[in-house]
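Inspection log for the structure reproduced underneath, given as structure tokens.
Readers should treat all values here as calculations from the given coordinates under stated rules, not as data from a laboratory. Every value quoted in this text rests on a predicted model; they were computed, and no experiment measured them. For neighbour counting, all protein chains shown are included, and Cβ atoms are generated from backbone atoms with ideal geometry for every residue, glycine included.
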Amino acid sequence: MSKHEIISCERCTARMECKANSYSKCQCANIQLTVNEVQYIAELYDGCLCVKCLHDLQLEYLSSIR
């Protein structure tokens, strides 16, 4: 049994282990987002996103500002 909550990515519905109480061990810690990128993503989604979706949205944001 996992000691962390199993949740679904709000964007792609992939199952992932939420480690919000251990942020440095969470998959989210593997991607560096600027304040503007975080704001862009927060305007689209309220919940947790998997690292793949975070990366995809980061690229989407970067392409939108060029």
Restricting attention to the stretch 15-66, which chymotrypsin sites (Phe, Trp or Tyr not before Pro) occupy a DSSP loop and are surrounded by at most 16 other Cβ atoms within 10 Å?
Y45
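Counting other Cβ atoms within 10 Å, keep those with at most 15, restrict to DSSP loop, and tell me which GluC sites (Glu not before Pro) in the chain are left. Let's see the in-between values first.
Details: sites: E5, E10, E17, E37, E43, E60; in loops: E10.
Listed in order of number, the matching sites are E10.
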Rounded to 10°, Cα long-axis angle of helix 35-44 versus longest principal axis of the chain
70 degrees
Which entry in (1) 11.7; (2) 12.5; (3) 14.1 is this structure's computed Kirkwood radius over Cα pairs in Å?
(2)
Once you keep just the Cα pairs under 8 angstrom separated by 6 or more residues, what percentage relative contact order results for the chain?
32 percent
I need L33, L54, L59 ordered by Cβ neighbour count within 10 Å, fewest first.
L59, L33, L54
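In debye to the nearest 20, how big a dipole does the chain give about its Cα centre with +1 on each Lys and Arg Cβ and -1 on each Asp and Glu Cβ? Provide the component values of the computation, followed by the final result.
On the way: 7 positive and 8 negative charges, 58 e Å.
Taking the Cα centre of the chain as origin, the dipole is about 280 debye.
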Can you tell me the length gained on complete extension of the stretch Q32 to A14, counting 0.36 nm per residue apart and subtracting the Cα distance?
4.4 nm
The chain: angle of helix 51-64 to the longest principal axis, Cα-based, in degrees nearest 10:
10 degrees
Ignoring everything except DSSP H segments at least 4 long, calculate the 222 nm mean residue ellipticity for the chain; use -39,500 (n - 2.57) per segment, divide by total residues, nearest 500.
-11500 deg cm²/dmol
